[in-house]
1. Filtering the stretch 41-63 down to residues that are surrounded by 11 or more Cβ atoms within 10 Å (Cβ to Cβ), of a type in the set (Gly, Ala, Ser) and outside any helix (DSSP H, G or I), which residue is farthest from the chain's Cα centre (by Cα)?
2. Identify all residues within the stretch 6-40 that are of a type in the set (Gly, Ala, Ser) and either at positive phi or loosely packed, with under 14 Cβ neighbours inside 10 Å (or both); write none if there are none.
3. Quick check on my filter: what residues within the stretch 24-40 are closer than 18 Å to residue 1 by Cβ and part of a strand (DSSP E or B)?
4. Write out, first by first residue and then by second, each pair whose Cβ atoms fall under 9 Å of each other, whose residues are 6+ apart or on separate chains, and whose first residue, in the stretch 52-65, is without any contact (Cβ under 8 Å) to a residue 12 or more places away in the chain while the second is aromatic (Phe, Trp, Tyr) and surrounded by 13 or more Cβ atoms within 10 Å (Cβ to Cβ).
5. I'm trying to understand the selection: among the residues of the stretch 64-81, which are assigned to a loop (DSSP other than H, G, I, E, B) and within 19 Å of residue 33 (Cβ to Cβ)?
6. Within the bounds of the stretch 3-15, is there any residue that is of a type in the set (Val, Ile, Thr) and modelled with pLDDT of 95 or more?
7. Being over 15 Å from the mean Cα position of the chain (by Cα) and aliphatic (A, V, I, L, M) is the filter here, so list the residues in the stretch 1-40 that pass it.
Amino acid sequence: MSLLDALRGADMLLIDGLHAWQFELDEQATGEQPQLSVECMDGRVRRVWQFSTAAVSAAVATDAAGGWRIRDAEGEHELVCLGAISASNDEDEEDEPES
């Protein structure tokens, strides 16, 4: 699996330990165009990362579940792709005891 495949199924990312639910994947990007843009708040500071198509393609999987190492102009970053967990509060009427 490539990072691009993992990003397609991700609902949220961890980047350098920060939760980032605002990210954009541009699958039409080529070369040095930004393919992945990630944005999050670190306290009161807005942080933004942009990774080119080449950087996304060159990302290396880590031992952590869903973990990747990716580089940009500022250096190497740890990226973890997370899927959403949803639960239903709807109860089946069949499971309810009859009165």
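1. 52
2. Narrowing the stretch 6-40 to residues of a type in the set (Gly, Ala, Ser): 6, 9-10, 17, 20, 29, 31, 37.
Hits for the stretch 6-40 are 9, 17, 31.
3. Initially, the stretch 24-40 is screened for residues closer than 18 Å to residue 1 by Cβ, giving 25, 27, 35-36.
The answer is 25, 35, 36.
4. Once the first residue is without any contact (Cβ under 8 Å) to a residue 12 or more places away in the chain and sits in the stretch 52-65, its partners that are aromatic (Phe, Trp, Tyr) and surrounded by 13 or more Cβ atoms within 10 Å (Cβ to Cβ) give 60/68.
5. Our first condition is that a residue be assigned to a loop (DSSP other than H, G, I, E, B); within the stretch 64-81, this holds for 64-66, 73-74.
Hits for the stretch 64-81 are 73, 74.
6. Of the stretch 3-15, the ones of a type in the set (Val, Ile, Thr) are 15.
With modelled with pLDDT of 95 or more added as a condition, the list becomes 15.
Yes, some residue in the stretch 3-15 is of a type in the set (Val, Ile, Thr) and modelled with pLDDT of 95 or more.
7. 29
Conditions (1) at pLDDT 95 or above; (2) within 12 Å of residue 14 (Cβ to Cβ), marked per residue:
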residue	(1), (2)
64	no, yes
74	no, no
77	yes, yes
87	no, no
94	no, no
99	no, no
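The values are calculated or read from the model by the stated rules, or taken from the named source; none is laboratory data. If you're wondering where the values come from, they're calculated on a predicted model, not measured in any experiment. Every residue, glycine as well, gets a Cβ built from its backbone with ideal geometry; the counts of neighbours run over all protein chains shown.
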